[in-house]
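J.: Sending over a structure as structure tokens; questions will come in a sec.
The values are calculated or read from the model by the stated rules, or taken from the named source; none is laboratory data. Worth saying up front: this structure is predicted, and the values here are computed from it rather than measured. A quick note on method: Cβ atoms are made from the backbone with ideal geometry, for glycine too, and the neighbour counts reach across all protein chains shown. Accessible surface areas use protein heavy atoms only, side chains included; no ligands, DNA or RNA. Shrake-Rupley method; radii C 1.70, N 1.55, O 1.52, S 1.80 Å.
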Amino acid sequence: MRSHSLRLVIWLATVALAGIVIIQILWLDKAFRFKEKQTDSSIFIALKNVAEKLLMYNDNPSTLVNPVKQVASNYYTVMINDVIDAKFLEMSLKNELEQRGLFLDFEYVIYDCSGNQLVYGNYIEAEKNAFKSKINNSTLASLPNFNHDNYYFGVFFPKRSEYLLGQLDVWIFTSVILLGIIVFFAYAVWVLLQQKRLSEVQRDFINNMTHEFKTPISTIAISCEVLLKPEIIKTPERLLNYATIIQNENNRLKKQVENVLQLATFEKKDLHLNKEAININDLIRKVIKNIDANLKNTNTQIVLHLSEKPVVVNADSMHITNLMYNLLDNAIKYSKENPMITIYTENKKNGILISVEDNGIGIPKNAQKQIFQKFYRVPKGDIYDIKGYGLGLSYVKIMIEAHKGNIRVESEEGKGSKFIVELPVS
Ligand code: ADP
């Protein structure tokens with residue numbers, strides 16, 4: 001799938017999912033409010049009935065006008081201004097709530113109107129289909145009877161919100177399923193993007209291989225064409241010249257194929273380190289001497305800031321030499337005009353530090369972690385003007401980790417990069 005169609009599909013699916021989530025939240029909210037309203041009116045009627053029952057119980061013929069008031073979402077007061085028999089009140093409350101299927105914990109309190117004083121209260125726990133008083137039945141018989149005529153009672157429902165949520169079990173179940181779908185969708189997108197990245201890496205690798213191999217192959221083809229002409233026999237020096245070209249190009253190809261295959265299949269487990277004490281400063285000087293010949297006609301400048309004391313580690317000198325070549329090669333490759341490379345070494349407390357700094361094109365922040373992955377190259381659209389297979393730094397990292405060291409990069413786009421290697425001494 002092409003990049004922009006993939007992006008479009010992901011976008012559309014995300015928008016569709018976001019729409020479903022919003023609808024679900026709206027419905028959940030609506031269902032909650034509906035249940036809340038229904039519960040509140042049932043409680044309201046239940047408490048009004050309790051108040052009327054109390055008056056009847058007291059043989060009080062007066063009628064109550066709006067006795068129930070919802071003071072807070074979970075607290076109601078009921079003005080009866082009459083005698084209150086606590087036992088009767090508790091039983092009536094239980095009955096009325098039970099009749100309406102409102103099995104939720106409640107706490108009732110009896111107030112004295114004159115002094116607005118709490119005179120009695122009890123907490124009633126709701127079980128699945130019944131109420132359980134904190135006071136047992138025998139004590140219930142002796143509950144106090146407040147027989148001044150100016151009492152009112154209040155009922156508090158501490159677990160109202162939990163009760164309401166419990167009533168929305170179907171909605172909560174569907175929300176959990178929706179959440180599962182979102183997690184699955186996010187995972188599917190992640191896999192898709194991984195796959196896309198892999199195919200891009202593969203495409204880049206094939207493009208690079210093709211580009212790298214095309215030149216020597218066409219040089220060989222042209223040389224062969226010349227050699228196949230019968231008159232070439234008459235000019236043995238030309239014959240020798242073309243045969244040498246073929247041989248050189250063939251060797252170059254062979255070396256390249258070997259290198260790529262070796263690096264591409266290189267794993268930590270294949271490593272056999274021949275460790276010995278090596279002076280990193282000497283190793284660096286040797287590497288510089290070898291590449292100096294290739295840099296003769298360029299503006300590349302290499303500055304050495306090597307520690308005055310020998311920087312010695314126990315390491316495999318062949319692999320450390322290779323990794324120094326890779327870091328230097330990258331520093332030169334990824335610098336445009338007048339490359340200036342600084343190599344620094346230092347003896348640290350438990351090991352050594354080597355850094356290779358350049359003033360090149362730099363590495364974008366989001367690519368800095370990925371450059372150590374096999375085949376990864378910083379994307380440059382469809383044009384890669386700098387040759388490479390994305391294998392050098394993965395080799396460097398594997399090697400440093402095999403030596404129990406670490407590597408990190410500090411880089412700013414357009415300004416340059418600094419690769420810092422730390423290796424333990426032992
Ligand atoms: P390559 O063969 O592509 O150079 P590497 O594994 O050595 O492979 O590097 C991976 C990628 O990291 C490179 O393609 C390049 O984009 C980036 N990179 C590595 N070194 C530097 C550097 N010194 N400056 C800028 N970019 C770098």
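J.: Can you list the trypsin sites (Lys or Arg not before Pro) in segment 1-33 that are in a DSSP coil and have 16 or fewer other beta carbons within 10 angstrom?
T.: R2
J.: On a full-extension model of 0.36 nm per residue, what is the gain between C224 and Y57, subtracting their alpha-carbon distance, rounded to one decimal in nm?
T.: 48.1 nm
J.: Translational diffusion coefficient, Stokes-Einstein: compute it for the chain using the Kirkwood radius over C-alpha pairs as Rh, at 10 °C and 1.306 mPa s, and state it as an integer in µm² s⁻¹.
T.: 52
J.: Also, I was wondering about something else. In nm, give the distance between the simple-model label positions of K275 and N347, each being 7 Å from the Cα along the Cα-to-Cβ direction.
T.: The answer from the label model is 1.9 nm.
J.: Any idea what angle helix 392-402 forms with the longest principal axis of the chain, computed on alpha-carbon atoms, 0 to 90 degrees, nearest 10?
T.: Here the helix axis deviates by roughly 70 degrees.
J.: May I ask for the angle, rounded to the nearest 10°, between helix 317-333 and the longest principal axis of the chain, with both axes built from Cα atoms and the value confined to 0 to 90°?
T.: Compared with the principal axis, the helix lies near 90 degrees.
J.: Separate question: Can you tell me how segment 365-413 classifies by the Cα gyration tensor, rounded, prolate or oblate, using a/c under 1.5 as the rounded cut?
T.: Here segment 365-413 falls in the oblate category.
J.: Shifting gears a bit: Calculated FRET efficiency, A367 and T14, Cβ-Cβ r, R0 22 Å, to nearest 0.05?
T.: Step by step, r from the Cβ atoms, then E = 0.35.
J.: Something else about it: Please say if segment 312-426 is rounded, prolate or oblate, where rounded means a/c under 1.5 for a ≥ b ≥ c the square roots of the C-alpha gyration tensor eigenvalues, and otherwise the choice is prolate for a/b larger than b/c and oblate otherwise?
T.: Note, shape of segment 312-426 comes out prolate.
J.: To continue, here is another question. For the chain, with all protein chains present and a 1.4 Å probe, just round the carbon and sulfur fraction of the accessible area to a whole percent.
T.: Percent of accessible area from carbon and sulfur atoms in the chain: 57.
J.: Given a Förster radius of 51 Å and the C-beta distance between I22 and N81 as r, what FRET efficiency does 1/(1 + (r/R0)^6) yield to the nearest 0.05?
T.: Step by step, r from the Cβ atoms, then E = 0.55.
J.: Which trypsin sites (Lys or Arg not before Pro) in segment 297-362 sit in a loop by DSSP (not H, G, I, E or B) and have at most 14 other Cβ atoms within 10 Å of their own Cβ?
T.: Sites meeting the loop and neighbour criteria: K336, K348, K349.
J.: Going down the list K214/K269; K214/K333; K234/K255, which pairs span over 30 Å between their C-alpha atoms?
T.: K214/K269; K234/K255
J.: Accessible area per residue, 1.4 Å probe, Å², for the chain: what's the number?
T.: Per residue, the chain has an accessible area of 61 Å².
J.: Excluding residues fewer than 8 places away in the same chain, name every one of the aspartates and glutamates whose C-alpha is closer than 14 Å to that of K94.
T.: Excluding near neighbours in sequence, the set is D105, E107, E125, E127.
J.: Percent relative contact order of the chain, based on C-alpha pairs within less than 8 angstrom and at least six residues apart?
T.: It comes to 11 percent, rounded to a whole number.
J.: With r as the distance between the Cβ atoms of E401 and Q301 and R0 = 30 Å, compute the FRET efficiency 1/(1 + (r/R0)^6) and round to 0.05.
T.: So the FRET efficiency works out to roughly 0.45.
J.: For helix 86-99, what angle does its Cα long axis make with the longest principal axis of the chain, in degrees from 0 to 90 and rounded to 10?
T.: The angle comes out at about 60 degrees.
J.: While we're here: Apply the a/c threshold of 1.5 to the C-alpha gyration tensor of segment 229-313 and tell me whether it is rounded, prolate or oblate.
T.: Taking the square roots of the gyration eigenvalues as a ≥ b ≥ c, segment 229-313 is oblate.
J.: Can you check what the Kirkwood hydrodynamic radius comes to for segment 21-123, Cα pairs only, in Å to one decimal?
T.: 15.2
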